[in-house]
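A short worksheet on the structure shown next.
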Amino acid sequence: MFRVVFLSGSAYSVQAARVYQRIRHIEDLTCAAIVNEITGKRILQAGARSVVGRILTESGRHGETKDPTRCGISSLRGIPEIQIHTVSSIGSNESVDLLRKLDASVCVNTGGCGILRADFLKQAGMGVLNCHSGLPRIRGFNSLEWQLYHGLPLQLCAHLIEVGVDTGPIVAARPVDIVEPPTIRNFRSSYREEEAEVMAEAILKLYEQGVSVVQKQGESEGKQYFAMHYRL
């Protein structure tokens, strides 16, 4: 049995559904999802408009219908093969205990999980896959934009999370085209399908070959970047 556990903030659960559609052909696949609940505290912290906006934006990309019944966690509830568990916070003691019981082969971070600590990562089987771009050179925020700034070809990477920021080994990578117009807003919203593709590719590699496929990053290969100013 090969068990994939998706980790997702509720607004980003539709991305887990995209990845699942690309790996569902695996014969001995079983799937579960650990999803952050939308609590009153979380709404107060992020703002109600922000929470609703994220859900609608995630469901409406790439020509999809902005149907609220298919937003957020509802996009997973329409897939009976995925066992859904909700927690107050991914990375909490509650979620660590749950992940231990689920006995994951690999976990997949599809967004909105926050920082995952060592005690959580230890229960994630081969590890937690995360999508980033520009590795190993570009780490941190606005990585696609920083690649353009430095004249680098754009790429998306699936890597395994480590305690360090974007320092974990790379499992799969693929080039992507520049979106038009090349604004920060567009970069943040235009690559969900491509991200799902590279994550699915990484899952299949780990399924077929295990962690022997990973490419470790050298400590001095990359530099951490922070949020790019809109004027850049």
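The values are calculated or read from the model by the stated rules, or taken from the named source; none is laboratory data. Computed from a predicted structure; not experimentally measured. Positions of Cβ are backbone-derived with ideal geometry, glycine not excepted, and every protein chain shown enters the neighbour counts. All accessible areas refer to the heavy atoms of the entire protein, side chains included, with ligands and DNA or RNA removed. Shrake-Rupley method; radii C 1.70, N 1.55, O 1.52, S 1.80 Å.
Values for this structure:
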quantity	calculated
Exclusive hit being within 13 Å of Gly127 (Cα to Cα), of a type in the set (Val, Ile, Thr), in contact (Cβ under 8 Å) with a residue 60 or more places away in the chain and out of contact with any His (no Cβ under 7 Å at 6 or more places or on another chain), set Val211, Val163	Val211
Residue ranges of helices (runs of 4 or more DSSP H) in segment 83-184 with at least 2 members over 15 Å from Ala33 (Cβ atoms), touching a Phe, Trp or Tyr at 6+ places or on another chain (Cβ under 6 Å) and modelled with pLDDT under 90	143-149
For Glu208: the one exception among (1) more than 18 Å from Asn130 (Cα to Cα); (2) open to solvent by 50 Å² or more (accessible area, probe 1.4 Å); (3) at pLDDT below 90	(3)
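Residues are listed down the side, and each one gets a yes or a no for (1) touching a strand residue (DSSP E or B) at 6+ places or on another chain (Cβ under 9 Å); (2) under 26 Å from Tyr20 (Cα atoms):
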| site | (1), (2) |
| --- | --- |
| Leu121 | yes, yes |
| Gly151 | no, no |
| Ile161 | yes, yes |
| Asp166 | yes, yes |
| Pro181 | no, no |
| Arg188 | no, yes |
| Glu197 | yes, yes |
| Ala202 | yes, yes |
